[in-house]
1. Evaluate 2.2 N^0.38 Å with N set to the residue count of chain A, then give the Cα radius of gyration divided by it.
2. Could you tell me the convex hull volume per residue, in Å³, taken over the Cα atoms of the stretch B:3-73?
3. Using the crude model of +1 on Lys and Arg Cβ and -1 on Asp and Glu Cβ, and no other charge, please compute the dipole size for the protein assembly as shown relative to its Cα centre, in debye to 20.
4. Rule-of-thumb check for the stretch A:244-297: C-alpha Rg over 2.2 N^0.38 Å?
5. Under unit Cβ charges (Lys, Arg +1; Asp, Glu -1), what dipole magnitude, rounded to 20 debye, does the stretch B:3-73 have relative to its Cα centre?
6. What list of ³J(HN,Hα) couplings, whole Hz, do you get for the stretch A:315-330 from phi and the Karplus terms 6.51, -1.76, 1.60, once you set θ to phi - 60° and write x for glycine and proline?
7. For the stretch A:1-141, calculate the relative contact order in percent as a whole number, restricting contacts to Cα pairs under 8 Å that are 6 or more residues apart.
8. Could you list which residues have their amide H under 5 Å from that of B:R2, counting only those 5 or more apart in sequence or on another chain, with H placed in the peptide plane?
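What follows draws every value from the coordinates through simple rules; no lab data is involved. Quick caveat: nothing in here was measured; it's all calculated off a predicted structure. Note that each Cβ is placed from the backbone with ideal geometry, even for glycine, and that neighbours are counted across all protein chains shown.
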Amino acid sequence: MKTIALAGNPNAGKTSLFNVLTGTRQYVGNWAGVTVEKKEGWIKELPGNVIVDLPGIYSLSAQSLEEKLATAYLLEESPGALINIVDASNLERNLYFTVQLLEMGLPSVVALNMIDVAEGRGLHIDGSRLEQRLGAPVVPMVARKAKGHERLLELLKNGLDTSSGLFIPYPDDIEAAVREISQLLDSDETTANRRHSTRWLALSWLEGNETVEHTIRSEVTPELMGRMAAVRASFVATQGENLDQRIRNARYDWIGVLLAECVSQNNAVNRSLSDRIDTLILNKWLGIPIFLAFMYLVFQVTFSWVGTSLSDLIDTFFSGPLTDWVQSALTWLNSPDWFRALVVDGILAGVGGVLVFVPQIGILFLCLSFLEDSGYMARAAVLMDRFMSTIGLNGKAFIPLILGFGCNVPAIMATRTLEDQRGRMVTAFISPFMSCSARLSVYSLFVSAFFDSGKATIVFLLYLTGIVMAIGTAFVLKKFLSDDEGVFLMELPPYRAPMFKSLMLNTWDKARGFVRKAGTIIFGMSVLLWFLGNFSFSGMSPMDSSFLAQIGGFIAPVFALLGFASWQAGVSLLTGFLAKEVVVSTMAIAYASGDTGSLGTVLQGMFTPAAALGFLFFVLLYTPCVSTVAMMKRETGSWKWTLASVAYSFGVAWIVAYGVYRLGLVIW
Amino acid sequence: MRLSECKEGIKAVVKDLFMNESIRKRMMDLGLLPGTEVSVVRKAPFGGPLVVQFRGYQISFRLSEAKQIAIEAC
């Protein structure tokens, strides 16, 4: 099996190229020992090859976890071929990474992506001249539109040449030290099977690249290590000042000469459209109102205008024709009563009650992907940074929090993009307060049952309360945890129209994830609950004397002060710990109603409006679902931290719900 | 003069970076070295992050970083 690695800067189009090459033949895992996502895939045209998508990074002098992983991978795994994807419209900075990769000396090909954007700005890039100067094949392409990757496949099929490494000239004193270290490295017996350029290893050693140092230490004898360390020490002592700067300068100077040779500009730089949009979007006074307006628009589209009407269609189908067909089919098959009850009341009611929320989740993620792919998300991070920094987080932390509106599991996963440990811990801790889409199923049910006017307003208030809780919590945590914020660096790529296909892929991915959860956890839960609700120690029994009633009744007193001390409410909150969307299906079964429409009517008799509102706020804030808890343990690596989050959210939920309930009693 | 004091839209040249080792390296990897031509595209109100342009692209960082970048207007 041959490995092909895909490497490049963030925003260079790595994901697009990976999707074009692999299609659906992808597999997402984790890098060994850490929680950074590792995507692998297979290329149909290249059987026997596996392609690895390395994290998007700017440099091989590793600072962040992602950079360390990518550098270590390139050093230790030595992939058989390396595709370096480069943004042609941002060539100078992208080539800095390319130069580093080519200096390593692994067999490489440069994918010159977004050539259309570059041409649109009047840039003409002489590909063959570039190829000649870099000493590696250069393939112009537009990965987003799946154009130009054929030649890339052709090159990979025929095999790439192992080069001896790109030669970048450095100042004389650096060259002398590099030569000395290279000679020492070459004297070692492991030289023969070394796949990287010795010159590059020596240079990285001189610069003090930790990852390279680690690899060399594992290869050479301690005696040789000592001699290499001595060369470096004497260099640093005499000429070491600004060594890192001089090395980088040499690379950028070399790139400057290269660009002058290979790139010509026909007309003036045309960032103007993007800049004009930014003048409005990042406007001092309008930026944040526009951002909030976008968020409100997303919610209206998802929960009022489009999503809900589609959900109603599914609901009508599930509770009407589908139930009837299944009923008559089962009657025709002469199935026993208990089985018919299991299928219709347990399975159909449970799964159906959840599937109706798929359109809303799909549309929410369609909106979020649109904002992400268009380049707006990066602006949102910039806009929010001033505000986020007051709670000890940076603007980037806003993105995981936004994802929390979809599902807390990917939200906590996304905290990996933050560079500092403290930021990751705090963001993971407060993410569950962001109201996830599963909770929306509960809101929809209650809001349409109890509040005729201002449905969207109540849902908006719920979301807002979650945000306020998250902020407040982060603020409190800031007082207790030491302050070592990571540096905030956010690239602002030019705006572009998102590709329909990639929006659809992403939306489909999220919706499928939700359905899969509905299909497995909820299916199991539904059957279990149906059993608990229809049986007691004395065999089959009516619901109000069942196991379910007993368990619910046992925990119900906890909620007495909140106005919903019924066993049905207790049981649904209990099962809601397994997955928040199960709250609705549990209620459907516990209140013995077939679908969410009639469930609403039943609920009107069971809750006062004040208690219903309190219940909503409780569901918003209480203990996150078991998947979220598991994810938090995985990401923070601390049970203490995870359990603290569980206990804290339960306490907060109880207090807030109590306040809301009392307030509701005053209003109604 | 520091980058933080620079007016929007004025071109300047980086003189020196006075920041800790790892941030300094990161900035230089991104192409912001002494000698690089840089301009502030946008400043946020209330001391929010700046949008800075160099080497043909735009990146945003905080005022605290901009205060550690010495520049010379040109």
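1. Numbers: Rg = 29.3 Å, N = 668, 2.2 N^0.38 = 26.1 Å.
Chain A yields a ratio of 1.12.
2. Numbers: hull volume 5.1 nm³, N = 71.
Normalising the Cα hull of the stretch B:3-73 by residue number yields 72 Å³.
3. Working: 63 positive and 64 negative charges, 238 e Å.
Charge dipole, the protein assembly as shown, about its Cα centre: 1140 debye, nearest 20.
4. On the way: Rg = 19.3 Å, N = 54, 2.2 N^0.38 = 10.0 Å.
Taking the Cα Rg and dividing by 2.2 N^0.38 Å, one obtains 1.93.
5. Numbers: 11 positive and 8 negative charges, 30 e Å.
In total the dipole reaches around 140 debye.
6. 4, 4, 5, 5, 7, x, x, 4, 4, 4, 4, 5, 4, 5, 4, 5
7. Details: 253 pairs, mean separation 34.3, N = 141.
Reported as a whole number, the value is 24 percent.
8. It is B:I71, by chain and number.
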